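Single-structure report; data block below.
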Amino acid sequence: MCSKKGSVPFNGTKEQEEALLKVIAELKSEKGALMPIMQKAQDIYGYLPIEVQTIISNETGIPLEKIYGVATFYAQFNLNPKGRHRISVCLGTACYVKGSGDIYNYLMEKLGIVGGECTPDGKFSLDACRCVGACGLAPVMMVNDDVYGRLTVDDIDGILAKYE
Amino acid sequence: MKTLDGYRKRVLVCGGTGCTSSGSKKIIEALEKEVQKHGLEKEIEIVKTGCFGLCALGPIMIVYPEGAFYSMVKEENIPEIVSEHLANGRVVTRLLYEETVGEDKILPLQETQFYKKQSRIALRNCGVIAPENIEEYIGTQGYEALRKVLTEMTPDDVIQTILDSGLRGRGGAGFPTGLKWKFASGNRGNVQKYVCCNADEGDPGAFMDRSILEGDPHVVLEAMAIAGYAIGASQGYIYVRAEYPIAIERLEIAIKQAREYGMLGKDIFGTGFDFDIDLRLGAGAFVCGEETALMTSIEGNRGEPRPRPPFPAVKGLFESPTILNNVETWANIPLIILNGPEWFAGMGTEKSKGTKVFALGGKIHNTGLVEVPMGTTLREIVEEIGGGIPNGKKFKAAQTGGPSGGCIPAEHFDVPIDYDNLMAIGSMMGSGGLIVMDESTCMVDIAKFFLEFTVDESCGKCTPCRVGTRRMLEILDKITKGQATMEDLDKLEELCYHLKENSLCALGQTAPNPIISTLRYFKDEYIAHIVDKKCPAGVCKDLLQYKINADKCKGCTLCARTCPNGAIIGSVKEVHMIDQSKCVKCGACMEKCRFGAIYKE
Amino acid sequence: MANINVKINGRDVSAPAGSTILEAAHLAGIKIPTLCFLKEINEIGACRICVVEVKGARTLVASCVHPISEGMEIWTNTPKVLASRRRTLELILSNHDRKCLSCVRSGKCELQQLSHELGVVDEGYFDGVKNEYELDYSAVHMIRDNNKCILCRRCSAVCDKVQGVGVIGANHRGFSTSIGSAFEMGLGETSCVSCGQCIAVCPTGALTEKDYTDAILEAIADPAKHVVVQTAPAVRAALGEEFGYPIGTDVEGKMAAALRRIGFDKVFDTNFSADLTIMEEAHEFLDRVQNGGVLPLITSCSPGWIKYCEHYFPDMTENLSSCKSPQQMFGAVTKTYYAEKMGLDPKDIVCVSVMPCTAKKFEIGRDNQNAAGVPDVDIAITTRELARLIKRVGLDFRYLPEEGFDDPLGESTGAAVIFGATGGVMEAALRTAVETLTGEELASLDFTEVRGTAGIKEAAYSVAGLDVKVAVASGLKNAKELLEKVKSGEVEYHFIEIMGCPGGCVNGGGQPQVPADVRNFVDVRALRAKVLYDNDARQKVRKSHENPSVKRLYEEYLGQPGSHKAHELLHTTYVKRTIN
């Protein structure tokens, strides 16, 4: 849950920092710019470690704690890096009643991680998500932007094997 | 219907999220390739549309002028469809949706069970026009309503029209839309005001807003501009879930095109009216569907609700007067302006006018989006439009209103659905998710599922919701594990009413609804869990026992070898037994048994 | 503004338009309990303790933020309301570390008081999973115990909105919501300025100062140690509250008597060194004005302000007066001048200070605060700790006689005692600076322009042909606002007084906590400040440069204000810090 200073790897590049500074300069004067800046920052870095939030704080004058408070409020902001392939299993009602819980449990077991984590090799990260609006295909999971529907537990190994 | 514009045939392929995930992108690619191969580019127009509604049959594709409805289309079917149908005019009947295949002709889609009882107003353009092309929207009277209000109506006329139409907010509680506008209409021209669109559709199982944004984005822009004129605002924000990438992309395209066509920006239609719209993306917080939380979020804060009053119409976004409507509400506005309030008020029930879109899901054949007049019964929706429940199972209840709503049992199957009736039977309209449950659904488990959702999504600001939902979930958990007492049930009920009365915002106030309504109609199930330690639907794992039917057991030992915990005792060719104290209820034995000798109860 | 008529519990009540239900009820003598509500600071309607019934409302409403409207009918004590409040409280208690017996707030805890008032019978009624947190000891001045936090957010509101610091706030969400710093850093790792305002507003024992009462008792028990105590001006204006006196009672005499009975070898007064500060600071001011030094000169008495300046305005540390604060000057004089006079080794002196302030605990550990090669001050305790100490050693405060301070470091003037209120340092400095510049005696010593609890005050004086523009700010958000204007060139001043806490030291983070149900309706700052101004008015000597003991100190030891020796002992340096 928490990710204290220095405990999360950070290898930000000069280019990423420049891109972030450019975004901040563009958006800073807009009303309520913090969330759009954080979203763009996450697009650039993939997550929002302390180094990134500190840049945002320094450039906008918004206290770091406030940014962290926002980052930890919304489910989509990540304090930890995500895997090369991001798996999310829909636990929305329709999927749930059609057994997506079993799919999720199987994935946790298979990958040896719990939801919200990333495998040690950085390959997969796993999350549960709310309805992705594909209820007709329940149960559904997404790997990156690919949607897999009408799943059974037996399909999972085959799907994972497609990703390198 | 749109004319063919010089093309011989027009092929509509659903590009909604449902069909996209079942592969419609590949279908379009294949179509384009095949059409090119046959040199038909000039004759065949391929259009990627928004959602048709019948997601269960996706990917969906319709060929005009015949109106041939191909369902569950596979990539490998495309060459055949192109060479037979598109090139040579021979419809591939085998691949059509069976309901549309008549003896010697193709039946119109409107006559199928699914569409027959629907009247599509909010969804009128979904699946019909190409959402990424403003011209197609303009071709279906798009932006006509905006032109009309700007050139023929005063702002007060506009508000009166909406008031007269009886339109109520489609996002939840059903507050009269015109009234909301009226409250925000004072002091026009002297203060900054905002028009916001709530596209943070978060109820699990509801996706009508997404479909409208994906299938008809301009309707929202037009309606917001109309409201801007009515209340005297020049800026709008659409707060859309980041989980809806297609909707976001189409909205971005639509805003850009609308600006290019002068439908947004300065001096619209040369009337001196300025209005522009910006997108703001949500970041994964259900509570941001609550209006004050949504505004707090746009302002760049934790999306925590604020106490009302002051109401947003007085002091909303950035402390300015603000109106907020949800996507489906907006989608009704232009037609009300064009067709007049009487037209709209002519549909529906006494206090709920117009139509409502429902997202049908769960244990039902035709999962998808349906739009029906207010007052349609649950029976009509489930049995006729939805095609009933699969596998011959019995209807048990329908859940509407998502985590804020409740369950409607079979006894209310014939209640006309509108805001007030749903409220009276302990549910609510919510945004319109409608999840059908059959006899294999445990109502305690469902209540627990929704509470888990609310606990996850509670913002944590007010005490009753932050701590109360958690305590309620803990009690439900005890019940589903057979560890609860009747006193716990009393405490649960006490908490339900406490949260309803004391929570800061609607999320907390309605969080108990799934429990209250299941307690109201299915209390015996709760009692069965607590007193008999049994789950009648056979869902709650901790209350199940796996047993071996001695008559069927052949003593093959497969189950004993499969059991991960050594809970099955018995030697070769003898009847086996399960040691309940060791059984972890994984069900592996039942799966492996080749004689059907293992059952659970 | 026009009045609005409502009915509360069936009685007609008339209250000004814009009043909340809570305020209208207060006017009618009806007390609605509150928990999260702090007037003008935390008006978020979050805890739901203050709910009432309003005719026609769908749910109960939070009276603290719900405005009244004409004809409104309100019920504040129906069975439903009372049961609701109790249940909400029980929900809070179900996730609260209820170790009340050993809690420093026991007896003064707003949650405990509410439990009593609302008639909680079973504090464990809704027990379930509790959040568990490690205690945060990382800050020099305080301890954060989230296990006792009830998420009223008063602390984060005061930190952000009043102090403009914002190093603590709500993180995560739902049941996991917790108050803390970014990335779960310890408070000591952040740019917290140690002002302690969060402690002052915390209703429970979640935020407390680090307690040094035992260390004092140990020092006193050690025969080898000579233990002296100094008390800041504002302490005498508030200490009585801990013993049942009304807010705004001057207990200087009883306080001195108590300190003597606790066993301090000498009972001195920080007021003495406040006068000394004026001598040095007025000299520094005139020197900067006359010799083109960096202006505006900004006061340096408030260690919370100093730390804030170092973190948030590092480019303005040159503007800070190099004078040590009165607490530190006192320690420096004690361990040099006094030690020599008494023939004591400074190492054997334990200098204890009683302060209205938690940042003083930070200040004693700063660099360049060791005139005699040992720390100027050894232990800094708050007013609250002193009250605890008095109770612990078994003194019946109310029955103590009134006594005076010891010589020579106990003598002071009216100029010194007003240091405890915002504008006081400025007024004291003006009294001395003006007379020094003009060489004439002032007709009136009251510089009323700089008095009062306004967050920012300004005044201009023409002194001996010199235009002197001054400004006074208290509360760091106000300081920030003022300094930004100074930096942008929008305003120009010669001399600025800044106090970290709103209202100055009388409202310091180390003062007795005033329950919200009192502070929401009473201006505590003004009542306490009045004690100091009354005290000043009573004094025969009201100008620092006329303090006989201070004069003697210069004659016998320091030479002139601003002398080399004075600089060695009484001045200090600052550092530039970053924001975390």
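The values are calculated or read from the model by the stated rules, or taken from the named source; none is laboratory data. Keep in mind that this is a model prediction, so the values were computed, not measured. So basically every Cβ, Gly included, is an ideal-geometry build from the backbone, and we count neighbours across all protein chains shown. Surface areas here come from the heavy atoms of the whole protein model, side chains and all, with no ligands, DNA or RNA. Shrake-Rupley method; radii C 1.70, N 1.55, O 1.52, S 1.80 Å.
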Selection within the stretch C:176-219 - within 14 Å of chain B (Cβ to nearest Cβ), assigned to a helix (DSSP H, G or I) and open to solvent by less than 10 Å² (accessible area, probe 1.4 Å) = C:Ala182
task = Identify the single condition in (1) open to solvent by 10 Å² or more (accessible area, probe 1.4 Å); (2) in contact with an Asp or Glu (Cβ under 8 Å, 6 or more places away or on another chain); (3) aliphatic (A, V, I, L, M) that A:Val89 does not satisfy, given that it satisfies every other one.
result = (1)
request  = Specify which of the listed residues (B:Met428, B:Met347, B:Met423) is open to solvent by 10 Å² or more (accessible area, probe 1.4 Å), of a type in the set (A, V, I, L, M) and in contact with a Pro (Cβ under 9 Å, 6 or more places away or on another chain).
outcome  = B:Met347
query = Which of the residues belonging to the stretch B:260-311 are free of Cβ contacts under 8 Å to residues at least 40 places away in the same chain, within 14 Å of chain A (Cβ to nearest Cβ) and of a type outside the set (D, E, K, R)?
reply = B:Thr296, B:Gly300, B:Asn301
query = In the stretch B:42-51, which residue that is open to solvent by 20 Å² or more (accessible area, probe 1.4 Å) and in contact with a strand residue (DSSP E or B) (Cβ under 9 Å, 6 or more places away or on another chain) is nearest to the other protein chains (Cβ to nearest Cβ)?
reply = B:Lys48
task = Scan the stretch B:207-232 for residues that are in contact (Cβ under 8 Å) with a residue 60 or more places away in the chain, more than 14 Å from every other protein chain (Cβ to nearest Cβ) and of a type in the set (Gly, Ala, Ser) and jot them down.
result = B:Ala223, B:Ala225, B:Ala227, B:Ala230, B:Gly232
Unique match (being open to solvent by 40 Å² or more (accessible area, probe 1.4 Å) and of a type in the set (Gly, Ala, Ser)) among B:Gly16, B:Gly102, B:Gly39 = B:Gly39
query = Could we say that A:Glu59 is more than 17 Å from A:Phe10 (Cβ to Cβ) and acidic (Asp, Glu) here?
reply = yes
inquiry  = Return the pair list, or none, for Cβ contacts closer than 7 Å from residues in the stretch A:63-80 that are facing chain B (nearest Cβ under 9 Å) to residues that are of a type in the set (Gly, Ala, Ser) and part of a helix (DSSP H, G or I), at least 6 apart or on different chains.
reply    = A:Phe77/A:Ala71
query = Quick one: would you say B:Ser404 is under 17 Å from the mean Cα position of the chain (by Cα), small (Gly, Ala, Ser) and under 30 Å from C:Val65 (Cα atoms)?
reply = yes
task = Among the numbered conditions (1) farther than 26 Å from A:Asn105 by Cβ; (2) modelled with pLDDT under 90, tell me where B:Pro564 comes up short.
result = (1)
task = Report, ordered by the first and then the second residue, all pairs with beta carbons closer than 8 Å, sequence separation of six or more or different chains, a first member in the stretch A:23-50 that is within 10 Å of chain B (Cβ to nearest Cβ) and part of a helix (DSSP H, G or I), and a second member that is open to solvent by 20 Å² or more (accessible area, probe 1.4 Å) and hydroxyl-bearing (Ser, Thr, Tyr).
result = A:Leu34/A:Thr60; A:Ile37/A:Thr60
note = Given (1) touching a Pro at 6+ places or on another chain (Cβ under 7 Å); (2) at pLDDT below 95, C:Val289 misses just (1)
query = For the stretch C:220-240, how many residues are open to solvent by 10 Å² or more (accessible area, probe 1.4 Å) and part of a loop (DSSP other than H, G, I, E, B)?
reply = 4
inquiry  = Looking for something closer than 15 Å to B:Glu132 by Cβ, in a helix (DSSP H, G or I) and more than 25 Å from the chain's Cα centre (by Cα) - is there at least one such residue anywhere in the stretch B:22-37?
reply    = yes
query = Looking at (1) under 30 Å from B:Cys505 (Cβ atoms); (2) away from chain C (no Cβ under 14 Å), can you tell me which one B:Val314 breaks?
reply = (2)
key: Residue in the stretch C:320-348 that is farthest from C:Thr299 (Cα to Cα), counting only those that are of a type in the set (A, V, I, L, M) and touching a Leu at 6+ places or on another chain (Cβ under 6 Å)   = C:Ala332
ask   = farther than 30 Å from B:Val287 by Cβ, open to solvent by less than 30 Å² (accessible area, probe 1.4 Å), at pLDDT 95 or above and under 21 Å from the mean Cα position of the chain (by Cα): does that describe C:Ala157?
value = no
note = When restricted to C:Pro512, C:Pro561, C:Pro502, the only residue within 27 Å of C:Ala380 (Cα to Cα), open to solvent by less than 10 Å² (accessible area, probe 1.4 Å), modelled with pLDDT of 95 or more and in a loop (DSSP other than H, G, I, E, B) is C:Pro512
message = Could you check the stretch C:56-82 and list, in sequence order, the residues that are within 12 Å of C:Asn9 (Cβ to Cβ) and either more than 10 Å from every other protein chain (Cβ to nearest Cβ) or part of a loop (DSSP other than H, G, I, E, B) (or both)?
response = C:Glu73, C:Ile74, C:Trp75, C:Thr76, C:Asn77, C:Thr78
ask   = Which one of these is open to solvent by 20 Å² or more (accessible area, probe 1.4 Å) and assigned to a helix (DSSP H, G or I): C:Glu492, C:Glu458, C:Glu484?
value = C:Glu484
request  = For the stretch B:534-547, state whether one or more residues are of a type in the set (D, E, K, R), open to solvent by less than 60 Å² (accessible area, probe 1.4 Å), modelled with pLDDT of 90 or more and within 20 Å of B:Gln483 (Cα to Cα).
outcome  = no
query = Looking at (1) assigned to a helix (DSSP H, G or I); (2) touching a residue at least 40 places away in the same chain (Cβ under 8 Å); (3) farther than 24 Å from C:Glu363 by Cα; (4) more than 23 Å from the chain's Cα centre (by Cα), can you tell me which one C:Leu527 breaks?
reply = (4)
message = Within the stretch B:317-327, take every residue that is more than 9 Å from chain A (Cβ to nearest Cβ) and assigned to a helix (DSSP H, G or I) and give me the one that is least open to solvent (accessible area, probe 1.4 Å).
response = B:Val327
Search result, residues across the stretch C:416-432 that are over 13 Å from C:Asp269 (Cβ atoms) and in a helix (DSSP H, G or I) = C:Ile418, C:Gly424, C:Val425, C:Met426, C:Glu427, C:Ala428, C:Ala429, C:Leu430, C:Arg431, C:Thr432
message = For the list (1) in a loop (DSSP other than H, G, I, E, B); (2) touching a residue at least 40 places away in the same chain (Cβ under 8 Å); (3) within 10 Å of chain B (Cβ to nearest Cβ); (4) basic (Lys, Arg), I need the number of the one condition that C:Arg85 fails.
response = (1)
inquiry  = Quick check on the stretch A:15-55: of everything there that is at pLDDT 95 or above and among the basic types (Lys, Arg), which residue is most open to solvent (accessible area, probe 1.4 Å)?
reply    = A:Lys22
note = A careful count of residues in the stretch B:401-420 that are buried (at least 24 other Cβ atoms within 10 Å of the Cβ) and of a type outside the set (A, V, I, L, M) gives 7
